[in-house]
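Below: the structure, in structure tokens.
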Amino acid sequence: MNKFEQLGLSESLLRAILDLGFENPTEVQEKAIPLLLAQDTDMVALAQTGTGKTAAFGFPLIQKIDADNRNTQALILSPTRELCLQITNEIKNYSKYEKGINVVAIYGGASITEQAREIKRGAQIIVATPGRMQDMINRGLVNIKNIDFCVLDEADEMLNMGFYEDIVSILSDTPDEKSTWLFSATMPQEVARIAKQFMSEPLEITVGTKNSGSATVSHEFYLVNARDRYEALKRLADANPDIFSVVFCRTKRDTQAVAEKLIEDGYSAAALHGDLSQAQRDGVMKSFRGRQIQMLVATDVAARGIDVDNITHVVNYQLPDEIETYNHRSGRTGRAGKLGTSIVIVTKSELRKISSIERIIKQKFEEKTIPSGIEICEIQLLHLATKIKDTEVDHEIDSYLPAITNVLEDLTKEELIKKMVSVEFNRFINYYKKNRDISSQSSGNERRDSDSAPRENNSGATRYFVNIGSRDNFDWMSLKDFLKETLDLGRDDVFKVDVKEGFSFFNTDPEHTDKVMDILNGVELEGRKINVEISKNDGGGRSNSRRDHNGRSGGGFGGGRPGGERSGGFRSDRGAAPRREGGFRSDRGSAAPSDRPARREGGFSSDRPKREGGFSERAPRRSDSPRSEAPRARRPRKD
């Protein structure tokens, strides 16, 4: 017997469940559905992303709706357009055998007139984003004063995105006697405040430990220098040939930059963020669901609508500003009982956050080192051998075999195997021979034993050049205060501050170097991006020859004029930087990350533009210009 039959669901819903292939209810479904069917009650359900919350409220909601009444009876609020559309489609699938039930999605980026027309035709269930819903209420295009049910899905994320006032206003427009069902992964203060204000003695269901992470997701972190963040991402992708992942960045700008660089380096990647049009977002998600994209680089907001099966990895290219957001990120993998991995690429200055996350999710991270080039070559060779073994033979090749056999007849079996894999192996080994290993030498024990991990004991101070000065209304004291606050350093950790008109110098002890380079290069000051570099003169004096965060030296800015005008902190001659081999590309092309991302497939191809986690036909050439550097973290200035 299907266990859904024991929950009290109607025959029509059980038929839909059978069509959908659901066999056993998840824990949140097993707990919530019987209670919601049996009572008219308020409910708070805490469960991680990917545990089946939509079905937990969707099935009882459909069963309680009066299909003969064309008025709006239920409102479901969700944080993003993607999630709004996803819930709408799922509710429609659940109610496929319920005659007369109409579900309408209300979200920004689409015609508000058409959405109002659909509601007017009769919509018992409205699924909406808070912003568009508030807009329609203000225009008098929707009436929710008599609804019977209100569902807040991903409540913590809606509030985290700044929808508190909209939600309060929307709920204030609904009747007091309705049933309110709140579903959330975590229970921050804002969610508790909503529950207290608009719910009456709600039942509470908790799946797992409150605010904890999913038991099907393992967590690991890789400690690297800030300048090696992007190279680490590439190596992790190469070390997982079958990776199907979401890569999280903090900002839209970084998301787009990382996706573009991955595509340039031959990986099947695309960006997903709020600056894309709805058509572009739909196209990216369609490609990702079809597995034409292996690495989807996304912001936290845009990723709220991602509900894709079999995601193998979540990669935190940058940790979120809010530690609680990590739970939502990791919930994109390990869904429906399958195992997944959440990876964090972290610098020394961010190690404290790992411990904070562990306390919240009540799970431990495993520290791992970035694989060496030799290790990656071994992984890729075994992957290629397995792929060859599992390849299904198309017997149309038989007619070509005599000629092929004639060419290879002088080779022994062992020689043939060596030459076959060397076609691909040589490219990998040649690339990694030219590139150093990037794993940090710091130990995870340092993090466990101290709040701040110990650094190398270098003598002397590190001298920095920064592209802000007196024209930005700084003197030495205000700049020192700004640096201490932005970098979260002590009073004596910043010293020898020397402010000029368009630039400045300052010192820190060597132990703070990674933190300075990682954080400060991501700060924007009144719309202008701060650029900091390490001066060659470690003694605190001024030097025209400086080293940037990638270790390159250069003779000042503005074409060699030490005090000359400069744009954005980069030398005017960077465009002529030498090019070098990098990545493993099959066909460079010019597809934009949101348009037609390249796909990678293993095996042997001569001109094929697609490849999938295996070996490409040739390594690309990639510029050493700033465009090909890893995007830096952005951090808003504290006022």
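Tabulated data for the structure shown
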| read-out | value |
| --- | --- |
| Complete set of residues in the stretch 518-533 that are of a type in the set (K, R) and modelled with pLDDT under 85 | R528 |
| Qualifying residue in the stretch 47-56 (condition: surrounded by fewer than 22 Cβ atoms within 10 Å (Cβ to Cβ) and over 35 Å from the mean Cα position of the chain (by Cα)) | no |
| Residue ID - nearest to the chain's Cα centre (by Cα), chosen from residues in the stretch 88-135 that are open to solvent by 30 Å² or more (accessible area, probe 1.4 Å) and touching a residue at least 60 places away in the same chain (Cβ under 8 Å) | G109 |
| Residue list for the stretch 1-37, restricted to those being over 24 Å from S184 (Cα atoms), polar (S, T, N, Q) and either open to solvent by 80 Å² or more (accessible area, probe 1.4 Å) or under 35 Å from the mean Cα position of the chain (by Cα) (or both) | Q6 |
| Residue match in the stretch 414-424 (condition: under 33 Å from the mean Cα position of the chain (by Cα) and not in a loop (DSSP other than H, G, I, E, B)) | yes |
| Lone qualifier among D282, D238 - being charged (D, E, K, R) and without any contact (Cβ under 8 Å) to a residue 12 or more places away in the chain | D282 |
| Residue in the stretch 473-512 that is modelled with the highest pLDDT, counting only those that are touching a Gly at 6+ places or on another chain (Cβ under 6 Å) and outside any loop (DSSP other than H, G, I, E, B) | N507 |
| Residue tally, condition over 30 Å from T386 (Cβ atoms) and open to solvent by less than 10 Å² (accessible area, probe 1.4 Å), over the stretch 238-272 | 5 |
| Matching residues in the stretch 357-416 - criterion: being among the small types (G, A, S) and either touching a Gly at 6+ places or on another chain (Cβ under 6 Å) or touching a residue at least 24 places away in the same chain (Cβ under 8 Å) (or both) | S372, G373, A385 |
| Subset of the stretch 461-514 [open to solvent by less than 10 Å² (accessible area, probe 1.4 Å) and more than 33 Å from the chain's Cα centre (by Cα)] | R463, G469, L479, V494, S504, F505, F506, N507 |
| K64 vs. criteria of a type outside the set (S, T, Y), within 23 Å of I167 (Cβ to Cβ), open to solvent by 10 Å² or more (accessible area, probe 1.4 Å) and at pLDDT 90 or above | yes |
| Selection count where residues are surrounded by fewer than 16 Cβ atoms within 10 Å (Cβ to Cβ) and outside any helix (DSSP H, G or I), scope the stretch 148-172 | 1 |
| Any hit, the stretch 354-362, residues being part of a loop (DSSP other than H, G, I, E, B) and at pLDDT 90 or above | no |
| Subset of the stretch 320-353 [within 21 Å of E157 (Cβ to Cβ), modelled with pLDDT of 85 or more and open to solvent by 10 Å² or more (accessible area, probe 1.4 Å)] | K353 |
| Residue tally, condition charged (D, E, K, R) and assigned to a helix (DSSP H, G or I), over the stretch 363-390 | 5 |
| Condition check for A239: out of contact with any Ser or Thr (no Cβ under 6 Å at 6 or more places or on another chain), of a type in the set (A, V, I, L, M, F, W, C) and within 20 Å of Y107 (Cβ to Cβ) | no |
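The values are calculated or read from the model by the stated rules, or taken from the named source; none is laboratory data. All of these numbers come straight from a predicted model, not from anything done at the bench. Positions of Cβ are generated from backbone atoms using ideal geometry, with glycine treated the same way; all protein chains shown enter the neighbour counts. Surface areas here come from the heavy atoms of the whole protein model, side chains and all, with no ligands, DNA or RNA. Shrake-Rupley method; radii C 1.70, N 1.55, O 1.52, S 1.80 Å.
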